[in-house]
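The values are calculated or read from the model by the stated rules, or taken from the named source; none is laboratory data. Just so it is clear, the structure is predicted and the values come from calculations on it, not from any experiment. We place every Cβ from the backbone using ideal geometry, glycine too, and count neighbours over all the protein chains shown.
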Amino acid sequence: MQIDLDTLPDDPAILQQMLRDAVHQHCALHAENDKLRLLIQRLLRQQFGRRSEQLSPDQVQLGLEDLEQAVAENQAGQDATEAPQDRRRTAPPRRNHGALPEHLPRYEVLIDVEQPDWPISHADAIVCINMLHISPWSATLSLFRKAAELLPTHAALFLYGPFIRHDVKTAPGNLEFDASLKARDPEWGLRDVAQVDHLADGCGFVRAALVEMPANNLSLVYCKV
């Protein structure tokens, strides 16, 4: 959020709202910066630590791509926590489209998952990256409910990000990141895979895959049944 100090309004209510917006954005940026710092620390530790803990060059590249994706999703995370009427942009947000083939068209559609009406009528698959932990649980609820409406049978809902599993020891960096998120917003934080599975089951999905990714992230693939 950019504030022109030379054109501040005189209305105290508007000034208070601007301050609240700025503080909220500040907290979101700090949360994402914490995530990026932790990712960098883990990559360096794994790349230069004991031989048994080293990543292959391909895994290191995936980790670096994860950092790039996290930066690109930082703006998306802010969008998801702001009211639509409060969003003011001076330029289009930058998106990381990855290494898509040149012949494929690029479409940008902004979706607020908690809004009842999405700007799409159907989908072949849904990919959600780095959203669940920097949004309230209500956003995850809405995501699964809308996915159930939009996806055909056997279609996939793909989730990516840091999660907690009670049957697997959580990495210290993820615990620190979880604590920092909750300190900024009690409704944020790493989600429990079992809780996500339970929600998925109630919305007509079954988890088809869990894949461990670099930097202690997970890919969760849910299929509509």
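Here are some notes:
- Residue within the stretch 171-182 that is at pLDDT 95 or above and in contact with a His (Cβ under 7 Å, 6 or more places away or on another chain) present: no
- Scope the stretch 200-225; condition touching a Ser or Thr at 6+ places or on another chain (Cβ under 6 Å) and either acidic (Asp, Glu) or within 29 Å of residue 38 (Cα to Cα) (or both); matching residues: 211, 213
- The one condition in (1) farther than 30 Å from residue 26 by Cα; (2) part of a helix (DSSP H, G or I) that residue 177 fails to fulfil: (1)
- Counted residues, the stretch 111-149 - those being more than 21 Å from residue 207 (Cα to Cα) and assigned to a helix (DSSP H, G or I): 1
- Some residue of the stretch 200-212 being farther than 20 Å from residue 152 by Cα and over 18 Å from the mean Cα position of the chain (by Cα): no
- Check on residue 200, of a type in the set (A, V, I, L, M, F, W, C) and more than 23 Å from residue 28 (Cα to Cα): yes
- Cβ separations smaller than 7 Å between residues 6+ apart or across chains give the following pairs from the stretch 9-23 residues that are of a type in the set (A, V, I, L, M, F, W, C) to residues that are surrounded by 10 or more Cβ atoms within 10 Å (Cβ to Cβ) and assigned to a loop (DSSP other than H, G, I, E, B): 15/8; 15/9; 18/3; 22/1; 22/3.
- Test: residue 25 is modelled with pLDDT of 70 or more, of a type outside the set (Gly, Ala, Ser) and farther than 21 Å from residue 190 by Cβ: yes
- Scope the stretch 132-169; condition farther than 20 Å from residue 35 by Cβ, surrounded by 22 or more Cβ atoms within 10 Å (Cβ to Cβ) and among the aliphatic types (A, V, I, L, M); matching residues: 147, 157
- Filtered residues of the stretch 196-225 (kept if over 17 Å from residue 129 (Cα atoms) and touching a helix residue (DSSP H, G or I) at 6+ places or on another chain (Cβ under 9 Å)): 199, 202, 203, 204, 205, 206, 224
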